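What follows is a set of notes on a single structure, which appears directly below.
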Amino acid sequence: MTGRMVVWMIVLLGSVGLLASCGGDQAGNTGAADQDQELVYATAKDTNDMNPHFYAGSMPAQGMVYESLVENTEDGIKPLLAESWEISEDGKVYTFHLRQDVQFHDGEPFNAEAVKKNIEAVQSNASTHSWIKLSTKIVSCNVIDAYTIELVLSEPYYPTLLELSMTRPYVFLSPKDFVNGETKDGVNGYNGTGPFKLAEQKVDQYAIFEANETYWGGAPSLKKITAKVLPAGETTYLALQKGEVNFLFTDDRGTDSLDVEAMNKLVESGEFQLVRSKPMNTKMIVANSSKLDSPVHETAVREAIWHAVDRETISQQIYNGTETAADTLFSSNVNYANVDLMKRSYDLETAKQILDEAGWVLDNGDAIRTKNGNKLAMKLYYDTHSSSQKTQAEFLQHAWKSIGMEVTLIGEESTSIANRRSTGEYDLLFNQTWGLAYDPQSTVAAFSSTSSYYHTTSGIEKADELYKKIEQVMVSQDEETRKSLYADIINIVHEEAVFIPITNGSVTVIASADLQGISFKQTQFELPFERMQFE
Amino acid sequence: MGLYIVRKVCLTVPLLMVISFLTFILNNLSPMDPAEVVLQAQGVPVITDELIAQTRAELGMDQPFLIRYFQWLMACLQLDFGDSYITGEPVWSLLGPAFLNTLKLTLVSIIVIIGLSIALGVICALKEGGLLDKSVRGVSFFLTAMPSYLLAGLMTWYFSVKLDLLPTSGMDSYRSYLLPVTVIAVSYVGIYFRIVRSSMLSNLNEDYVLYGRACGLPEKTITLHILRNSLQVAISVFGMAIPVLLGSTVVVESVFAWPGLGTLSVKSILSRDFPMIQAYVLILAVAFVLFNTFSDMMNAALNPKLRKDL
C-alpha cells in the first residue's frame, strides 16, 4: 500500500510539472512592457479576424496594419497611398496616382493591379458593405498604368474620398493573401502596407505587431506593440500598476477599461499620463417618432424630454468631467455642422409648460400626466454592459418623474438594442453618433436607413423633405449647396427633437509617463502609434 | 463487473440524447433571428433584408427543425460543431484550445485540491478537537466564504504588484498557474477536506480499527486502512469535482485573463454565438455524465455490494 501511494504521488507530481510546463515557451511575453520601445496595450476584446474587408476585427489593430488611398485629417482629405488624384467634371470618375515606394509586408509591390484586386474583392461582397454608400456607386475600377487607377461611379457622390479613407473596407491587403482571388471566404495572411505588421496572434491571449522597418513613411520608433487581452477593471488596473501593460485607450465601442477614479489614481502616482482627444462623437437618446401608440411620437413630448435632461450634472457627476455636455446632435467641430440652432437648456419648468400646452395634464393627486385617458409613460432601453448608461438612465428617470412622466428602464444586450433600433420596437434608447470621420455623412445617411434611424425619423412631419435632402446632399457637387442642405437636415432633426444629445464623448489614453507623441486621428477607432516613442 | 460497466454505459446513451435535444431546442427558442445574430456578431454596420435572406440560406435555416437537429447531431458525433457565427471558424478549432487550457488549469487544481484535502482531512481527524484541527477548520471556513474574485484581487495585488513575484494574469509560464490554482484550491479544499475528515472520523470508531489495535498493528498501518476505507466517499466527490471545476472556472478565468472555456462561453453567450453555446453546453453535459459514470464504476470496483444495485 505504502509503495503504491509513493508511485501515485510521483505520478501526480510529474503530471503537475508536465501540465505546468506546457505554456513555458511563452515565458518571454510576461512583464515585458518595460523593455525599450515596446508598447503593451490592454484590450477587453480579442483582435479577432484581421481580414480588413470584414467587420469582426479590432479596428485599432487593423488601423496599424492596413492603409487606405487617402487619409481624413483635421484639415480635410490628405494623400496616403495615393499621392494625388483628380475628379472628372461630372464627378463620376476619380483618378488616383499611387505612391511608387510602397510594398506590402510580404514584399509584394503595391500598385494599380493590387488596388484593383482589393476594390473588386470588396465589391464582390457588396451586400455586406451596403452601409457604405460608395459600394453601391462603384461601377468599375480600371488600371490606367502601373501606378494609376481609375474609379468609375454610377453617379456623383461627394463622400467618396471620405469613405475611401475609412478603416475598412477600402484598405489594401496583399493579393498573395487572397483565396481564389477573393477575400470574402477568408484570407491566407494579413499583410498590409501599414507601419506595423502582425507577427503573432493567439486567440483570446495576445497579438504582437512589429515595426515595419521598410515603411514608406519611415520606420516607426516603437519596435513592438502587443495587444494583450485583459478583462476590464481590476485585472487591467493591476497589470498597469505592475508594468505588464503600459498603454490603455477607449475601445471601438466607446467603452473605457477603467473608471475615472482608477485613471486618476494612476495619474496621481506620477507613473502615468492621461491624454484626452477633442470631442469625437455625441452620446444621445434616440426617440421613436413613428411609434403612434407611444407619447414619444409627439414633438412636444420629445421637446419636454430634451429640456428635462440635466447634461451638466451628467457630465460632472457621472462622467467626472471627462465628457462635456452636448446641446446639439453634432458638435460644432464636425464638418458642415456649425449651424445656428435654438438651444434647449435644462429647464424643468419649460418642460412642464410644453407638456401642459400639448394637453398632457396632471389631474389632482396624480403623479403621471395623462391625455385623453392615455398615460405619459414610456420605456428607455440601455446597454447592460455600460455602467454609465445605467446610471444616466436612473438619473433621468428621476428627473422625468418630476415633470409627470413615467419611464420604465430596460437593460438589454447591445445586439438586442441594435435589433430594436432596426425594428422600431422602442420608445427611447441610448445611442451615439459614428464619430468625426463618419459624421455627418454616415450618421445622416443612417437617418433614412431602415436598419438604423428610419423609425426615429419617419414619424416627423417633414420626413419626406428630410429624406429628399439627404439624397440630394450625397450627390451634391457644389460646396455651398452641400452646406445649405446639411444645415436644413440638421435643423429639421433638431426642431423635431428626435435625437436628444447628452454628452460629447472623446478617446482617452492612459500611458506610461515617458511615452511621447500621443496624438489622435479624426476617427475614434484608430490611434497613430507610428508617431509615438518612449523617451 | 464487465456487465455492470456495459449496463451503466447503455444508460448514459438516452441521457445524452435528451441533453443534446434540449441544448438544440433551447438555442432555437431564442427570439432573435439567427441570421441577424450572425450579421450583428460579424459587426456588419447596417443589416439589410436582402442580407438576412442570404445569410438564412447560407445557414440552412430554411430546413425543418428536426432535420436540422439530426444533421447537427450527426455532425457533432464527428466533432463537427459547425462554424462560429462571429469568426466563421469551425467551433472545435476555437473550443478545442480553450477546453485544453481549462483542462490544464482544472487538472493542476484538482491535484492540489485532492492532495491538500486528504492531507488536511487526515491530520484533522487524527488530531480531532486539538488546536490544529480547530484552527484549520476556522481558517478554511473564512477562506471558503470569501468570494473568489475578492481573494484573486487581493492575492494578485500582494504577490504580483507589491512583491513583484508573479504575473498578474495570462498563461505565459508555469508561474502563471500559481495564483489561479491557489484561488480555485482555496474555495474547494475547505469543503472537501471536511468530507475526508468526517469520513475518517466515522471509520475511526469501526470494529476493525479496534481489532487492529488489539492485534498490535502499528498505528501507521491502521491509519492507512482507515484512509483506504474513508476514500470511498471522497472518490465520488472528487470524481465529480473535475466537471464541476470545468464548468465553474469562469470567475477565476476572467479575473486572470485565462483563455479557457469560461471566458469563451461568456463571450459566446454575450454575442449569441449559438453554435459555440450549443457545443459548450453539450461538452460540459457529456463531461458530467461521463465523470459521474466513471466515479460510479470506481466505487463499484472498491465496493462489490454496489454492483448488485443496478
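The values are calculated or read from the model by the stated rules, or taken from the named source; none is laboratory data. Computed from a predicted structure; not experimentally measured. Counting neighbours? That spans all protein chains shown, and the Cβs are built from the backbone with ideal geometry, glycine included.
Could you run through the range A:382-435 and say how many residues are over 20 Å from A:K45 (Cα atoms) and hydroxyl-bearing (S, T, Y)?
Qualifying residue count for the region: 8.
Tell me the residue from A:K283, A:K291 that is in contact with a His (Cβ under 7 Å, 6 or more places away or on another chain) and either of a type outside the set (S, T, Y) or in a helix (DSSP H, G or I) (or both), please.
Numbers: A:K283 fails: in contact with a His (Cβ under 7 Å, 6 or more places away or on another chain).
Step by step, each of A:K283, A:K291 is checked, and only A:K291 is in contact with a His (Cβ under 7 Å, 6 or more places away or on another chain) and either of a type outside the set (S, T, Y) or in a helix (DSSP H, G or I) (or both).
Considering each of A:K469, A:K462 in turn, give the residue that is under 30 Å from A:G76 (Cα atoms), more than 14 Å from chain B (Cβ to nearest Cβ) and among the basic types (K, R).
Values: A:K462 fails: under 30 Å from A:G76 (Cα atoms).
After applying the criteria, what remains is A:K469.
What residue, among those in the range B:134-145 that are touching a residue at least 12 places away in the same chain (Cβ under 8 Å) and out of contact with any Ser or Thr (no Cβ under 7 Å at 6 or more places or on another chain), is nearest to the other protein chains (Cβ to nearest Cβ)?
Keep residues of the range B:134-145 that are touching a residue at least 12 places away in the same chain (Cβ under 8 Å), which gives B:136-137, B:140-141, B:143-144.
Subsequent filtering for residues that are out of contact with any Ser or Thr (no Cβ under 7 Å at 6 or more places or on another chain) retains B:136-137, B:140-141, B:143.
Values: B:V136: 21, B:R137: 25, B:S140: 22, B:F141: 25, B:L143: 19 Å.
Among residues in the range B:134-145 that are touching a residue at least 12 places away in the same chain (Cβ under 8 Å) and out of contact with any Ser or Thr (no Cβ under 7 Å at 6 or more places or on another chain), the one nearest to the other protein chains (Cβ to nearest Cβ) is B:L143.
Within the range B:171-180, is even one residue of a type in the set (S, T, N, Q) and more than 27 Å from B:I118 (Cα to Cα)? First the steps, then the outcome.
First pass over the range B:171-180, keeping only residues of a type in the set (S, T, N, Q): B:173, B:176.
Still in the list and also more than 27 Å from B:I118 (Cα to Cα): B:173.
The answer is yes; a qualifying residue exists.
From (1) out of contact with any Lys or Arg (no Cβ under 8 Å at 6 or more places or on another chain); (2) surrounded by 21 or more Cβ atoms within 10 Å (Cβ to Cβ); (3) modelled with pLDDT of 90 or more, pick out the condition that doesn't hold for A:M342.
(2)
Say we look at the range B:253-272 and pick out the residues that are of a type in the set (D, E, K, R) and out of contact with any Leu (no Cβ under 9 Å at 6 or more places or on another chain); which of these is surrounded by the fewest Cβ atoms within 10 Å (Cβ to Cβ)? Write out each step before concluding.
Here is the first cut: in the range B:253-272, the residues of a type in the set (D, E, K, R) are B:253, B:267, B:272.
With out of contact with any Leu (no Cβ under 9 Å at 6 or more places or on another chain) added as a condition, the list becomes B:267, B:272.
Details: B:K267: 18, B:R272: 22.
It comes out as B:K267.
It is to be established whether one or more residues within the range A:279-288 are free of Cβ contacts under 8 Å to residues at least 40 places away in the same chain and farther than 25 Å from A:T384 by Cβ. Explain how you work it out, then say what you get.
So the first thing to find is which residues in the range A:279-288 are free of Cβ contacts under 8 Å to residues at least 40 places away in the same chain, and the list is none.
Scanning the range A:279-288 turns up no residue that is free of Cβ contacts under 8 Å to residues at least 40 places away in the same chain and farther than 25 Å from A:T384 by Cβ.
Just to be sure, is B:L166 within 13 Å of chain A (Cβ to nearest Cβ), in contact with a helix residue (DSSP H, G or I) (Cβ under 9 Å, 6 or more places away or on another chain) and outside any helix (DSSP H, G or I)? Spell out how you get there, then give the answer.
Numbers: within 13 Å of chain A (Cβ to nearest Cβ): yes; in contact with a helix residue (DSSP H, G or I) (Cβ under 9 Å, 6 or more places away or on another chain): yes; outside any helix (DSSP H, G or I): yes.
Yes; evaluated as a whole, the condition is true for this residue.
Are any of the residues in the range B:32-50 surrounded by 13 or more Cβ atoms within 10 Å (Cβ to Cβ), more than 9 Å from chain A (Cβ to nearest Cβ), assigned to a helix (DSSP H, G or I) and modelled with pLDDT of 80 or more?
Among the residues of the range B:32-50, not one is surrounded by 13 or more Cβ atoms within 10 Å (Cβ to Cβ), more than 9 Å from chain A (Cβ to nearest Cβ), assigned to a helix (DSSP H, G or I) and modelled with pLDDT of 80 or more, which makes the answer no.
Test B:G129 against the criterion of being surrounded by 22 or more Cβ atoms within 10 Å (Cβ to Cβ), more than 14 Å from chain A (Cβ to nearest Cβ) and not aliphatic (A, V, I, L, M), and give yes or no. Working first, answer last.
Values: surrounded by 22 or more Cβ atoms within 10 Å (Cβ to Cβ): no; more than 14 Å from chain A (Cβ to nearest Cβ): yes; not aliphatic (A, V, I, L, M): yes.
For B:G129, the condition - surrounded by 22 or more Cβ atoms within 10 Å (Cβ to Cβ), more than 14 Å from chain A (Cβ to nearest Cβ) and not aliphatic (A, V, I, L, M) - is not met.
Quick one: A:L274 ticks every box in (1) farther than 30 Å from A:T450 by Cα; (2) buried (at least 19 other Cβ atoms within 10 Å of the Cβ) bar one, so which box is it?
(2)
Tally the residues that are part of a loop (DSSP other than H, G, I, E, B) and either away from chain B (no Cβ under 12 Å) or under 22 Å from A:V115 (Cβ atoms) (or both), restricting the search to the range A:34-48. Don't jump to the end; show me each part of the working.
First, pick out the residues of the range A:34-48 that are part of a loop (DSSP other than H, G, I, E, B): A:35-37, A:44-48.
Imposing the further condition that a residue be either away from chain B (no Cβ under 12 Å) or under 22 Å from A:V115 (Cβ atoms) (or both) reduces the set to A:35-37.
Residues that pass the stated criteria total 3.
Out of all the residues in the range B:84-94, is one or more polar (S, T, N, Q), within 21 Å of B:A185 (Cβ to Cβ), in contact with a Ser or Thr (Cβ under 9 Å, 6 or more places away or on another chain) and in a helix (DSSP H, G or I)? Walk me through it before giving the result.
Filtering the range B:84-94 down to residues polar (S, T, N, Q) leaves B:84, B:87, B:93.
Within this subset, residues satisfying the condition of being within 21 Å of B:A185 (Cβ to Cβ) are none.
No - not one qualifying residue is present in the range B:84-94.
On the given criteria, is B:R228 within 26 Å of the chain's Cα centre (by Cα) and loosely packed, with under 14 Cβ neighbours inside 10 Å?
Working: within 26 Å of the chain's Cα centre (by Cα): yes; loosely packed, with under 14 Cβ neighbours inside 10 Å: yes.
Criteria met by B:R228.
Given A:E535, A:E495, which one is within 21 Å of A:N338 (Cβ to Cβ), more than 22 Å from the chain's Cα centre (by Cα) and not small (G, A, S)? Step through it out loud before you land on a result.
Numbers: A:E535 fails: within 21 Å of A:N338 (Cβ to Cβ).
Residue meeting the stated conditions: A:E495.
B:V108 - would you say it is over 30 Å from A:Y453 (Cα atoms) and either hydrophobic (A, V, I, L, M, F, W, C) or facing another protein chain (nearest Cβ under 10 Å) (or both)? Please lay out each step first, then the result.
On the way: over 30 Å from A:Y453 (Cα atoms): yes; either hydrophobic (A, V, I, L, M, F, W, C) or facing another protein chain (nearest Cβ under 10 Å) (or both): yes.
Against the criterion (over 30 Å from A:Y453 (Cα atoms) and either hydrophobic (A, V, I, L, M, F, W, C) or facing another protein chain (nearest Cβ under 10 Å) (or both)), B:V108 qualifies.
For A:T423, indicate whether it is surrounded by fewer than 19 Cβ atoms within 10 Å (Cβ to Cβ) and under 25 Å from A:E298 (Cβ atoms).
Working: surrounded by fewer than 19 Cβ atoms within 10 Å (Cβ to Cβ): yes; under 25 Å from A:E298 (Cβ atoms): yes.
Judged against the criteria, A:T423 is a match.
Kindly evaluate B:Y149 against the criterion of being under 23 Å from B:K104 (Cα atoms), within 14 Å of chain A (Cβ to nearest Cβ) and either surrounded by fewer than 22 Cβ atoms within 10 Å (Cβ to Cβ) or out of contact with any Phe, Trp or Tyr (no Cβ under 8 Å at 6 or more places or on another chain) (or both). Step through it out loud before you land on a result.
Values: under 23 Å from B:K104 (Cα atoms): yes; within 14 Å of chain A (Cβ to nearest Cβ): yes; either surrounded by fewer than 22 Cβ atoms within 10 Å (Cβ to Cβ) or out of contact with any Phe, Trp or Tyr (no Cβ under 8 Å at 6 or more places or on another chain) (or both): yes.
Judged against the criteria, B:Y149 is a match.
Suppose we keep only residues that are among the β-branched types (V, I, T) and free of Cβ contacts under 8 Å to residues at least 60 places away in the same chain within the range B:51-94. Which one would you say is farthest from the other protein chains (Cβ to nearest Cβ)?
We begin by selecting, within the range B:51-94, every residue among the β-branched types (V, I, T); these are B:52, B:55, B:67, B:86-87, B:91.
Applying the additional criterion that residues be free of Cβ contacts under 8 Å to residues at least 60 places away in the same chain yields B:52, B:55, B:67, B:87.
Numbers: B:I52: 10, B:T55: 9, B:I67: 26, B:T87: 5 Å.
By that ranking, first place goes to B:I67.
Go through (1) away from chain A (no Cβ under 14 Å); (2) surrounded by fewer than 22 Cβ atoms within 10 Å (Cβ to Cβ); (3) of a type in the set (K, R) and name the single condition B:R197 misses.
Of everything listed in (1) away from chain A (no Cβ under 14 Å); (2) surrounded by fewer than 22 Cβ atoms within 10 Å (Cβ to Cβ); (3) of a type in the set (K, R), B:R197 misses just condition (2).
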